[in-house]
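What follows is a short report on a single structure.
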Amino acid sequence: MKILVCPLNGPRPVAEFAYGGEIRRSPDPDTCSDAEWSSYVFNRSGAPGAKYEWWCHIASGFWFVVLRDTTHDVVIATFPAEAVRRGLPPP
């Protein structure tokens, strides 16, 4: 069984979590062009490697950040959601 360590709930089976997508910097919707916004919404790099992702513990509704190596499907670290505001270190 695969285990994911939630910053709030500790180690839990991965089946208790929902993937929320890669964390990406969004353009300012008030000043960006339609092409820039379209690219942000529809285009992803998909390149393998270390990425920050949103994950949610379904039972508690707790959202947090996971640094995951998508090449090997290995979790490197987990952080509470407020770490995004403080600034995440480069992957």
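Points worth noting:
- Hits in the range 1-39 (condition: within 17 Å of V66 (Cβ to Cβ), free of Cβ contacts under 8 Å to residues at least 12 places away in the same chain and touching a helix residue (DSSP H, G or I) at 6+ places or on another chain (Cβ under 9 Å)): I3
- The range 55-79 residues that are hydroxyl-bearing (S, T, Y), paired with ones that are outside any strand (DSSP E or B) (beta carbon under 8 Å, 6 or more apart): S60/L8; S60/N9; T70/P48; T70/G49; T71/P48; T71/G49; T78/P7
Residue-by-condition table, conditions (1) surrounded by 10 or more Cβ atoms within 10 Å (Cβ to Cβ); (2) hydrophobic (A, V, I, L, M, F, W, C):
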| position | (1), (2) |
| --- | --- |
| G20 | yes, no |
| R24 | yes, no |
| A35 | no, yes |
| Y40 | yes, no |
| G46 | no, no |
| G49 | yes, no |
| Y52 | yes, no |
| W55 | yes, yes |
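- T78 fulfils the conditions (1) in a loop (DSSP other than H, G, I, E, B); (2) within 12 Å of the chain's Cα centre (by Cα) except for a single criterion, (1).
- Residue match in the range 1-23 (condition: of a type in the set (G, A, S) and assigned to a loop (DSSP other than H, G, I, E, B)): no
The numbers here are math on the coordinates, done by the rules we state, and not lab data. For clarity, every value in this text was computed on a predicted model and none was experimentally measured. Positions of Cβ are backbone-derived with ideal geometry, glycine not excepted, and every protein chain shown enters the neighbour counts.
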